[in-house]
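See structure below.
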Amino acid sequence: MVSPDRLLAFAAMSFLLIVIPGPSVLFTIGRALAQGRRAALSSVLGNAIGAYLLVVAVAFGVGALVESSAIAFTVLKLAGAAYLVYLGVKAWRQRGSLPVTIDGEADRGSVRTLWEGFAVGVANPKTIVFFAAVLPQFVDPGLGHAAGQMMLLGLIFVGIALASDSVWGLGASAARDWFARSPGRLAAVGRIGGLSMIGLGVTVAVTGRKD
């Protein structure tokens with residue numbers, strides 16, 4: 001069991017990282033604007049699952065490989081960036097025909113948006129570096145079961161991320177409801193959502209480690 005002081009210190013550091021808008025937050029906002037509340041929350045859940053998969057990877061040593069290998073890190077980063085750009089282009093092309101249900105939400109499969117959020121979460125360079133470089137520092141070697149400690153700490157991170165990203169998604173989807181009252185506004189939402197994801201993909205591609 002991780003000591004309370006370590007849990008609190010890790011929670012505080014995680015909160016500071018999460019509340020600063022990064023790939024996950026910007027992706028959630030883009031999805032909320034382009035697709036609505038349901039898609040945004042599905043993306044948030046998928047992103048959390050992807051982030052926790054990174055925790056498991058770090059706990060069992062895969063994260064150390066990514067952190068030490070510039071090639072592995074770059075491949076994963078560029079794959080995630082390319083996927084974001086693809087989603088952004090797709091949202092832009094469909095901007096004039098975004099399907100809206102009676103409650104203003106996009107009528108698209110939750111499984112698909114869950115997967116898209118997962119892909120962003122598991123390829124988030126900021127999260128990868130945080131887990132690989134910071135997470136092990138909060139493990140107490142004297143307690144043993146290092147992997148178990150990391151997975152417990154990861155649950156704290158994911159819980160904070162779920163709450164924070166959901167707030168961003170709900171706020172953005174509420175703004176989308178106003179735009180959805182006019183076809184012209186809705187097309188503008190599609191453009192904003194698409195451009196935000198394209199810009200995010202480009203940002204992810206050009207930022208990160210310098211080695």
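Every residue, every condition in (1) outside any helix (DSSP H, G or I); (2) under 8 Å from the mean Cα position of the chain (by Cα); (3) buried (at least 16 other Cβ atoms within 10 Å of the Cβ), yes or no:
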| position | (1), (2), (3) |
| --- | --- |
| 8 | no, no, no |
| 14 | no, no, yes |
| 24 | no, yes, yes |
| 30 | no, no, yes |
| 34 | no, no, yes |
| 40 | no, no, yes |
| 44 | no, yes, yes |
| 47 | no, yes, yes |
| 58 | no, no, yes |
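Taken together, the residues in the range 160-178 that are farther than 19 Å from residue 9 by Cβ and either open to solvent by less than 10 Å² (accessible area, probe 1.4 Å) or polar (S, T, N, Q) (or both) amount to 5.
Taken over the range 87-124, the criterion of being at pLDDT 80 or above and open to solvent by 70 Å² or more (accessible area, probe 1.4 Å) is satisfied by 111, 112, 115. Consider residue 43 carefully, then state whether it is modelled with pLDDT of 85 or more and among the polar types (S, T, N, Q). Yes. Does residue 204 satisfy the condition of being in a helix (DSSP H, G or I), under 18 Å from residue 18 (Cα atoms), at pLDDT below 75 and touching a helix residue (DSSP H, G or I) at 6+ places or on another chain (Cβ under 7 Å)? Spelling it out, residue 204 is indeed in a helix (DSSP H, G or I), under 18 Å from residue 18 (Cα atoms), at pLDDT below 75 and touching a helix residue (DSSP H, G or I) at 6+ places or on another chain (Cβ under 7 Å). Scanning the range 145-175 for residues that are of a type in the set (S, T, N, Q) and closer than 15 Å to residue 17 by Cα yields a single hit, 164. The set of residues in the range 136-147 being assigned to a helix (DSSP H, G or I) and in contact (Cβ under 8 Å) with a residue 40 or more places away in the chain consists of 136, 138, 143, 146, 147.
Selection of first residues in the range 23-39 that are in contact (Cβ under 8 Å) with a residue 60 or more places away in the chain and on the phi < 0 side of the Ramachandran plot and of second residues that are surrounded by 24 or more Cβ atoms within 10 Å (Cβ to Cβ) and not in a helix (DSSP H, G or I), restricted to Cβ pairs under 9 Å at least 6 apart or on distinct chains, gives the following pairs, ordered by first then second residue: 23/124; 24/124; 27/124. In this structure, is residue 157 open to solvent by 40 Å² or more (accessible area, probe 1.4 Å) and at pLDDT 85 or above? In short, no.
The values are calculated or read from the model by the stated rules, or taken from the named source; none is laboratory data. Keep in mind it's a predicted model, so treat the numbers as computed, not measured. Counting neighbours? That spans all protein chains shown, and the Cβs are built from the backbone with ideal geometry, glycine included. Accessible surface areas use protein heavy atoms only, side chains included; no ligands, DNA or RNA. Shrake-Rupley method; radii C 1.70, N 1.55, O 1.52, S 1.80 Å.
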